[in-house]
Amino acid sequence: MRNDAKLLNPNDQNLNNIYMSMIDNTNSLLSVPTGSLAIPQDTCKTALLLSLIIPTYQESENIQSIIKILTQIFDDSIPGEYELIVVDDDSPDDTWKLAQSLMPKYPQLQVMRRQSERGLSSAVIRGWQMARGDILGVIDGDLQHPPHIILRMLEAMKKNADLVVASRHVDGGGVSSWSFMRRFLSRGAQLLGLIILPEILGRVSDPMSGYFMVRRSCVAGTTLNPVGYKILLEVVGRGNVGKIAEVGYVFCERKQGASKVTWKQYVDYIHHLLRLRLSTGRLEKFSQSMGFPIGRFLRFGVVGLSGVFVDMAVLYFLSDPTTLALPLTRSKIIAGEVAIFNNFLWNDAWTFADVSAQQRAWKQRFKRFVKFNLICLAGLVLNVVVLNVVFNLILANRYIANLIAIAVATIWNFWVNLKLSWRVTQVK
Ligand SMILES: Nc1nc2c(ncn2[C@@H]2O[C@H](COP(=O)(O)OP(=O)(O)OP(=O)(O)O)[C@@H](O)[C@H]2O)c(=O)[nH]1
Ligand SMILES: [Mg+2]
């Protein structure tokens with residue numbers, strides 16, 4: 001396209017405009033997918049062999065070098081069959097802008113600028129969602145992952161591996177100059193992982209590695225749900241990964257730019273391990289085979305129970321003769337609404353945390369709260385109707401009838417809220 005553009009006469013204003021728009025086209029940013037973090041099944045028409053994501057935050061000092069080195073490697077080995085996708089979280093040092101300015105020089109380069117979502121793992125997944133490759137990979141943008149081993153990784157993929165991990169803990173691997181403390185923390189984290197999730201962490205020697213590639217078919221259709229930095233755990237834990245290969249590498253020292261690792265990453269890591277433990281356990285497998293989210297339903301039930309206590313406490317505080325002694329109906333309406341508010345907060349932060357993490361804006365939260373209120377209100381009406389029907393027509397025991405009514409209303413509340421309030425919409 002750029003060669004054609006050169007043929008145009010730059011003195012002609014119209015043609016010049018067309019020329020500029022062609023340049024713009026070659027330079028346009030990738031759109032940012034929203035909604036769930038699911039990996040699409042199909043590659044589009046122009047499928048490629050490899051899509052390599054380079055997540056960046058404040059890497060303006062490194063971005064040019066890494067693009068140049070990777071392009072040289074791939075142009076020599078798999079020309080035209082790869083793409084490099086820089087996913088930058090709107091770095092204040094304008095990494096994305098610098099990357100974008102390199103696009104005309106490196107036609108295999110694509111750039112995504114994320115403005116409303118943050119974090120290394122989700123950046124990688126958003127990149128994969130827009131990728132065209134049959135093999136999906138990731139490499140740090142700070143040159144700490146030596147690019148030259150990538151061809152060995154690709155070789156291993158071609159020999160039928162589903163996943164190839166660049167590992168610091170196999171032959172040829174290591175860390176160049178980590179402090180004792182960082183080595184200790186890294187090994188400690190791995191040990192903890194082996195205790196909590198042996199079937200996942202035990203499959204790779206370096207589960208903390210951020211340098212790997214995976215066959216798209218092993219993760220297609222899977223919704224990844226990472227916390228923090230360790231996306232490889234998600235891929236091994238939730239994907240359908242068979243053969244795994246490893247290639248040794250030495251984690252180099254950063255020469256330019258600053259590390260983004262903080263204590264929060266260690267806390268996130270533990271949170272991530274626990275979440276994976278719960279969501280890949282037997283209960284979750286059973287619930288998948290039943291087509292009903294049992295774990296979520298149990299959490300919803302626990303939250304509902306907490307609402308009963310809140311309701312009771314507020315009712316006591318407002319209406320008891322020894323406290324405020326307000327009229328009973330007025331007190332009950334307030335107590336009910338406070339309990340609904342309590343339940344909403346816990347459901348948003350816990351029961352449906354994965355969904356609300358994708359829809360954080362205040363307007364979206366408020367919408368969910370209004371829907372939750374309306375659905376709970378309808379649930380109350382349903383509760384009363386079922387109680388009357390069962391008591392008058394089926395079983396003349398008011399307590400058993402009430403239990404049945406509560407069960408029906410709870411399932412209604414759960415199911416309709418799942419489908420309406422905490423719904424994941426897939427919008428491009
Ligand atoms: N898009 C995006 N990229 C990130 C984010 N945090 C880190 N990165 C990038 O992810 C890669 C790894 O991050 P680093 O801070 O270097 O972490 P590390 O290599 O494990 O640790 P160091 O040895 O201290 O550098 C780098 O390319 C970062 O620029 C983020 O929140 N969003
Ligand atoms: Mg780094």
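See the values below:
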item	result
Residue 238 being of a type in the set (Lys, Arg), more than 16 Å from ligand 1 (Cβ to nearest atom), under 16 Å from the mean Cα position of the chain (by Cα) and buried (at least 18 other Cβ atoms within 10 Å of the Cβ)	yes
Single residue of 163, 136, 143 found to be more than 13 Å from residue 213 (Cβ to Cβ), buried (at least 20 other Cβ atoms within 10 Å of the Cβ) and under 28 Å from the mean Cα position of the chain (by Cα)	143
Lone unmet requirement of (1) at pLDDT 95 or above; (2) within 11 Å of ligand 1 (Cβ to nearest atom); (3) surrounded by fewer than 16 Cβ atoms within 10 Å (Cβ to Cβ) for residue 118	(1)
Output for segment 125-142, where each listed residue is within 12 Å of ligand 2 (Cβ to nearest atom) and either in a helix (DSSP H, G or I) or out of contact with any Lys or Arg (no Cβ under 7 Å at 6 or more places or on another chain) (or both)	139, 140, 141
Cβ pairs under 7 Å, 6+ apart, first in segment 110-131 and over 17 Å from residue 260 (Cβ atoms), second part of a helix (DSSP H, G or I)	111/96; 111/99; 111/100; 112/126; 112/127; 113/96
Counted residues, segment 245-265 - those being within 13 Å of ligand 1 (Cβ to nearest atom) and over 25 Å from the mean Cα position of the chain (by Cα)	9
The listed residue being in the same structural domain as residue 230 (by TED's automatic domain parsing) and in a loop (DSSP other than H, G, I, E, B), out of 116, 121, 186	116
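Residue-by-condition table, conditions (1) closer than 22 Å to residue 258 by Cα; (2) at pLDDT below 90; (3) assigned to a loop (DSSP other than H, G, I, E, B):
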| site | (1), (2), (3) |
| --- | --- |
| 32 | no, no, yes |
| 35 | no, yes, yes |
| 68 | yes, no, no |
| 73 | no, no, no |
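The values are calculated or read from the model by the stated rules, or taken from the named source; none is laboratory data. Predicted model only: the values in this text are computed from it and were never measured. Don't worry about glycine lacking a Cβ; one is built from the backbone with ideal geometry, like all the others, and counts go over all protein chains shown.
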